[in-house]
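Let me begin by presenting the structure, written as structure tokens, before commenting on it.
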Amino acid sequence: MSKYQVDKVMREAILDAKAAAAFKADAEKFLQDRDLTEEERKALIDVDYATLYKLGAHPFLLNGFIRLVWKGDKAALNAEYRKNIAPFGYPDFST
Amino acid sequence: MAELVEIIGISHSPNFPGQIAEPNPEPAIVEAAHDYELMRKRMAASRPDVLIVIASDHLNQFFMDNMPAFLIGKAPRAEGPFPHEMRAFGIAPYRAQVETDVAKSMLQAAPKMGVDFSFSDEFRIDHAFTVPLNFIRPEMDLPIVPIFTNVMAPPVPPARRFFAVGKAIRKIIHALPSNKRVGVLSSGHLAIEIGGPKEGRSSSDPEFDRRMMNWVGQGDVENVIKEATWENMMASGNVTPGFLNFVLLMGLADGKAPSVSGVRFPKSKGSVPYMAWDNQAGVLP
């Protein structure tokens, strides 16, 4: 598990609009040199927020990150987010 | 010897300025805005020469590659918030000179008072500083000394440590080699959840908020510290540890009850607390 590296990717996208655009354009390329597990890499590429949450991504960063890189309907995202992460409770997000 | 002339604690919600500016804000928002206006007047009436501003950073300036628990900023100027925060919330910028002599004196005195602060000569202040500063000192005419606290990246220091650091800052202010009038402004919040399953528009745990603000109002340090454990705060909402900055203020006030305190419960946002310790009421220094 490399929670720190996941958090670092999310923070970069939040702080830097160019990084967010690069992630959205080609997430696989953006992540190619990152020290991530395959599960983390896939979850980031798929913007699979429920898995990222379950793995202990920092919820504050996750909240900002997915709204930046979500390609679908944002109103629908808000509606489904809580429901989809609820089964995982409160994972430890310490790094 | 410097004089501690006022201590004020308020929320730093980045949504709050926008909600006040709405055409028809709900009554609790109007009341909270009025509370903050009274806080602004209290700080102005205390005629501070310098503001020590104690707030958190939301993983903007500081991150887990190098995370300080308590840090004093001593760059010549402080400016914020971060561009992405202005884009997301439409909040106003804030710029202030940093009173570097005071910052350096504090750093030198602190180890004798039991605190080894980190320091920074290059930083940006995020909304936890700029939102309360824009409410309390919109003139941007006072120099500040920013103190950053870690309430976001576990392990965060326990409540008892926040209280002790507040007590130490009180002693450090009194020992400063100048006769400046020092005001303290801190920001935090009560129960709130962001990016978790309980996230909603209003407080994630109004009972926690009432209980804590009742104890803050009474100066009941022991109950506050007993309740404000990491586990309890996380159960109330996953960003609730921002409350710890108010525990630090209780230490700064030497455990005395505030001159005035309270909390509003808008339906459209988390609860809005305020607390002030005035010199006039004989509570300080």
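Every read-out reported here was derived from the displayed coordinates using simple, explicitly stated rules and does not represent laboratory data. Quick caveat: nothing in here was measured; it's all calculated off a predicted structure. No Cβ is skipped: glycine too gets one built from the backbone with ideal geometry, and neighbour counts run over all protein chains shown.
Length gain on complete extension for the stretch B:Glu26 to B:Lys41, per 0.36 nm per residue less the alpha carbon to alpha carbon distance?
Result for the pair: 3.1 nm of gain on full extension.
Just report the Cα centroid separation between segment B:243-272 and segment B:65-104, whole Å. That distance is 22 Å. A Gaussian network model of chain B, with springs between Cα atoms under 10 Å, assigns the largest mean-square fluctuation among B:Pro155, B:Pro23, B:Pro146 to B:Pro23.
Pairs of lysine residues in chain B that meet both criteria, 8 or more places apart or on different chains and Cα atoms under 13 Å apart, total 4.
The Cα trace of chain B gives Rg and Dmax of 17.1, 52 Å, the first to one decimal, the second as a whole number.
If I histogram all Cα-Cα distances within segment A:3-88 using bins 5 Å wide from 0, what percent of pairs lands in each bin? Percent of pairs per bin, in order: 3, 15, 29, 28, 18, 7, 1. Qualifying trypsin sites (Lys or Arg not before Pro) in segment A:31-95, where qualification requires a DSSP coil assignment and no more than 15 other C-beta atoms within 10 Å, comprise A:Arg34, A:Lys71.
Exposure here means at most 10 other Cβ atoms within 10 Å; with GluC sites (Glu not before Pro) in a DSSP loop as sites, the longest stretch of chain B lacking them is B:140-285. Peptide B:190-196 is shielded by partner chain Cβ atoms: per residue, an average of 6 of them sit within 10 Å of its Cβ. The mean count of C-beta atoms from other chains within 10 Å of the C-beta of residues in B:147-156, rounded to a whole number, is 2. Of interest is the spacing of the C-alpha centroids, which for segment B:107-160 and segment B:168-223 amounts to 14 Å.
Along chain B, the longest continuous region that contains none of the trypsin sites (Lys or Arg not before Pro) in a DSSP loop with at most 16 other C-beta atoms within 10 Å is B:1-200.
Computed from the C-beta positions of B:Lys171 and B:Arg201 and an R0 of 51 Å, the FRET efficiency is 0.80 to the nearest 0.05. Segment B:1-96 gives an Rg/Rh value of 0.99, both radii derived from C-alpha positions and Rh following Kirkwood. One equal scatterer on each Cα of the protein assembly as shown, no solvent, Debye formula: the resulting log10 I(q)/I(0) at q = 0.08 Å⁻¹ is -0.39.
In summary, the lysines within cross-link reach of A:Lys24, defined as a Cα separation below 27 angstrom excluding same-chain residues under 8 places away, comprise A:Lys3, A:Lys8, A:Lys42, A:Lys54, A:Lys71, A:Lys74, A:Lys83. For segment A:10-24, backbone phi angles converted through the Karplus equation (6.51, -1.76, 1.60; θ = phi - 60°) give residue-by-residue couplings of 5, 5, 4, 5, 5, 6, 10, 4, 5, 5, 4, 5, 5, 4, 5 Hz, Gly and Pro being listed as x.
A Förster radius of 25 Å, combined with the Cβ-Cβ distance separating A:Gln32 from A:Lys71, puts the computed FRET efficiency at roughly 0.80. Each part reduced to its alpha carbon centroid, segment A:57-88 and segment B:1-51 end up 32 Å apart. Kirkwood hydrodynamic radius computed over segment B:146-285 comes to 15.5 Å, based on all pairs of distinct alpha carbons.
How much length is gained on full extension from B:Ser178 to B:Glu139, taking 0.36 nm per residue of separation minus their Cα-Cα distance?
Extending this stretch completely gives an extra 11.6 nm.
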